[in-house]
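Note sheet for the following structure.
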Amino acid sequence: MRVLLDTDVCSEHLKRKLDITDRLKEVGLSNVFISRATIAELQVMPASKSDPGVSLEAIDDLISAIAVVEIDVAAWSLFPFIKAALKRKGRQPNDKSGTIDILNACVAFELGLSIATYNIKDYEALQKVKGNLQLLNWKAI
């Protein structure tokens, strides 16, 4: 199984609310990925000082052993179609981080990755648009 980490999994780990170390070892670090979009979203935490316990150094430490996935042309090309399909169906992912969720879903589709998240609900609308989106509820594991 190859896994793309959602922002919520990383932020909970960084805030020391939940430790994902064992899960990362279970999956195997060579099978764990993080998107550049997720990294940018994580970097908002220290930039906005919304959580004083999270620093850029802590983010760098987390991602140092994880493969970073760039959002390539194929993923960007998929983005408008998924966003438009969501609008047509009257569904939108959580507005707070909806664009990042859509981008992560596009990356997951393109690379055949499952998304590890604590908020399955954030991705349900995306799953209904493109049913082959594989989600892993790391909160429940």
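The values are calculated or read from the model by the stated rules, or taken from the named source; none is laboratory data. For clarity, every value in this text was computed on a predicted model and none was experimentally measured. Methodologically, a virtual Cβ is constructed for each residue, glycine included, from the backbone with ideal geometry; neighbour enumeration extends over all protein chains shown.
Listed values, structure above:
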quantity: Hits in the range 62-83 (condition: out of contact with any helix residue (DSSP H, G or I) (no Cβ under 9 Å at 6 or more places or on another chain) and charged (D, E, K, R)); calculated: none
quantity: Members of the range 125-140 found to be within 13 Å of residue 6 (Cα to Cα), in contact with a Leu (Cβ under 9 Å, 6 or more places away or on another chain) and polar (S, T, N, Q), listed by number; calculated: 134
quantity: Hits in the range 86-107 - residues which are under 11 Å from residue 130 (Cα atoms) and at pLDDT below 85; calculated: 86
quantity: Subset of the range 108-135 that is of a type in the set (A, V, I, L, M) and crowded, with 22+ Cβ neighbours inside 10 Å - its residue that is modelled with the lowest pLDDT; calculated: 126
quantity: Residue count, the range 20-58 (criterion: under 14 Å from the mean Cα position of the chain (by Cα) and either assigned to a helix (DSSP H, G or I) or loosely packed, with under 11 Cβ neighbours inside 10 Å (or both)); calculated: 8
quantity: Flag for residue 100 being β-branched (Val, Ile, Thr), assigned to a helix (DSSP H, G or I) and either more than 14 Å from the chain's Cα centre (by Cα) or within 18 Å of residue 33 (Cβ to Cβ) (or both); calculated: yes
quantity: Every residue from the range 52-65 that is under 20 Å from residue 17 (Cα atoms) and either touching a Gly at 6+ places or on another chain (Cβ under 8 Å) or in contact (Cβ under 8 Å) with a residue 24 or more places away in the chain (or both); calculated: 53, 54, 58, 59, 62, 63
